Amino acid sequence: MARRFSVGFLVTLALVVLSAVFLGLTRTWWLDKIGRYLVLNEPPCHSDAIVAVSGEDFRRQWAITLYKQGYSRLLIFNLSDSTYFFGRAVDTRKAAIEMAAAQGIPSDSVVLNTDVSSTWEDALATRKTVERLGLGSILIVSSPFNMRRVALTYRRIFSNLPVRITFCSVPAEMEKISLDRWWTKERELQLVNNEYLKIIFYFCKYFI
């Protein structure tokens with residue numbers, strides 16, 4: 001009995017060691033795959049509206065760029081209630097309107113959804129706007145590492161609506177992030193880790 005236990009233990013230990021060595025030797029490959037799984041970037045196509053997911057200004061700026069390239073004549077900006085710049089509260093609604101106006105976007109081409117505090121609320125707010133305006137297609141803009149969770153969430157919220165959804169990421173260089181060897185950079189490492197934690201949370205709470 002003791003001998004069988006000893007042999008079994010040694011075999012298990014050997015497998016663990018071999019697995020650790022294999023993971024170590026191939027870490028660049030599988031770490032790269034882990035990061036790139038989060039990035040979903042489909043070619044933009046003409047849509048009834050371009051939706052900028054709530055968050056950084058980069059998303060709204062890229063949505064405006066796509067608008068000016070002729071992919072839609074309507075912008076939907078989803079906004080949190082407020083953000084902070086050097087400790088001072090910023091009115092996100094006013095800031096978004098000013099950003100669009102500075103780019104020559106007519107005010108009647110911009111729809112604002114405010115008080116959005118999560119990706120789930122973002123998708124719900126977008127669905128209400130889509131139903132209210134009778135839209136048949138939307139182009140979703142978000143950050144590269146954030147897009148996989150956005151897509152999972154939007155597909156869940158819009159699962160019973162006949163709406164074509166295209167997911168178009170902000171260019172990585174525009175957000176000043178790198179997809180290459182993300183695990184060696186502090187900001188990218190935090191972004192990837194946070195997204196996987198949130199995907200797990202969304203899976204458990206919303207069954208995305």
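Here region 1-80 and region 128-188 have alpha carbon centers that stand 12 Å from each other. Computed over the chain with a Gaussian network model linking Cα atoms closer than 10 Å, the most mobile of SER19, SER80, SER109 is SER19.
Only Cα pairs under 8 Å and 6+ residues apart enter the sum, and on that basis the relative contact order of region 37-206 stands at 28 percent. Counted as membrane-span-like here are DSSP H helices of the chain whose alpha-carbon atoms extend 20 Å or more along the helix's own axis and whose Kyte-Doolittle mean is 1.0 or above; these are 2-25.
Ranked by the mean number of other Cβ atoms within 10 Å per residue, highest first, peptides 93-102, 111-120, 51-60 order as 51-60, 111-120, 93-102. May I ask you to list the lysines whose Cα is less than 29 Å away from that of LYS205, ignoring any residue fewer than eight positions away on the same chain? Within the straight-line cut-off, LYS205 pairs with LYS33, LYS128. Estimated from helical segments only, the mean residue ellipticity of the chain at 222 nm is -16500 deg cm²/dmol, where each DSSP H run of four or more residues counts as -39500 (n - 2.57).
Remark: spin-label model distance GLN69-PHE9 equals 6.2 nm, labels positioned 7 Å along the Cα→Cβ axis. Taken about its Cα centre, the chain carries a charge dipole of about 760 debye when Lys and Arg each add +1 at the Cβ and Asp and Glu each add -1 at the Cβ. With a ≥ b ≥ c the root eigenvalues of the C-alpha gyration tensor of region 98-208, is it rounded (a/c under 1.5), prolate (a/b larger than b/c) or oblate? Judged from the Cα gyration tensor, region 98-208 comes out oblate (a/c at least 1.5, b/c at or above a/b).
Summary of packing: across the peptides 122-135, 141-154, the per-residue average of other C-beta atoms within 10 Å ranks them, highest first, as 141-154, 122-135. Multiplying the residue separation of SER159 and LEU23 by 0.36 nm and subtracting their alpha-carbon distance yields 45.2 nm. Structure remark: mean-square fluctuation, Gaussian network model of the chain, C-alpha springs under 10 Å; the largest value among TRP182, TRP62, TRP29 belongs to TRP29.
Rule-based calculations on the coordinates, nothing more; no lab input. Bear in mind the structure is a predicted one, so any value in this text is a computation, not a measurement. When we count neighbours, we look across all protein chains shown, and the Cβ atoms used for this are built from the backbone with ideal geometry, even at glycine.
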